[in-house]
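> Dumping the structure here so I can ask a few things about it.
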């Protein structure tokens, strides 16, 4: 079964947390799909990945760029794995019916939004019932991550 890690964003927004997680993914030799709710949001995050750190370069693409097989990070609103990714990142409440196609799933949600927290709890319960291995990470005061039980 897929390992599903829930990341409760409390100290920094998705736009600061996601690039760091994707950097680690690419550095480890893995590939990622970032699934969001709209193509506009995918393009917005793609633009962010060009500018979030002037000292860094994170290869990525979207449907607008094409050639998903050439992209270690693919941002999309389509529930598919066109770049042969090992890891799936869910953001903005997006969900996937294809978790079994990935080694790991990172479910990032806004811990300051009661509706996002409630939706994450519902996804947790569904993942648990499906037999996935679950982990829960909460942001620390300094913006790092601490696993909670």
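Coordinate-derived values only; no laboratory data. Because the structure is predicted, anything quoted here is derived from the model rather than measured. In this analysis, Cβ positions are derived from the backbone assuming ideal geometry, glycine residues included, and neighbour counts consider all displayed protein chains.
> Arranged from highest to lowest average of other beta-carbon atoms within 10 Å per residue, in what order do the peptides 123-130, 76-83, 61-68 appear?
Output ranking for 123-130, 76-83, 61-68: 76-83, 61-68, 123-130.
> For the chain, what does -39500 (n - 2.57) per DSSP helix run (n ≥ 4), summed and divided by total residues, give at 222 nm, in deg cm²/dmol to the nearest 500? Show your work: numbers first, answer last.
On the way: 3 runs with 43 residues, N = 149.
Calculated from helices alone, the mean residue ellipticity at 222 nm is -9500 deg cm²/dmol.
> Please figure out what share of the DSSP beta bridges in region 3-148 is antiparallel and state it in percent, rounded to the nearest 5.
Antiparallel bridges: around 15 percent, rounded to the nearest 5.
> In what sequence do 28, 12 fall when counting other Cβ within 10 Å, fewest first?
Ascending number of Cβ neighbours within 10 Å: 28, 12.
> Tell me, in nm to one decimal, what length is gained between residue 128 and residue 149 on full extension, where the rule is 0.36 nm per residue of separation less the Cα-Cα distance? Don't jump to the answer; show the numbers that get you there.
Values: separation 21, 0.36 × 21 = 7.56 nm, distance 1.40 nm.
Residue separation times 0.36 nm, minus the Cα-Cα distance, leaves 6.2 nm.
> Hey, what did region 1-118 get for relative contact order, percent, Cα under 8 Å, at least 6 apart?
37
> Between residue 64 and residue 1, what is the spin-label point distance in nm, taking each point 7 Å from the Cα along the Cα→C-beta axis?
It is 3.9 nm.
> Based on the Cα coordinates of the chain, what is the per residue volume of their convex hull in Å³?
Per-residue hull volume (Cα only) is 108 Å³.
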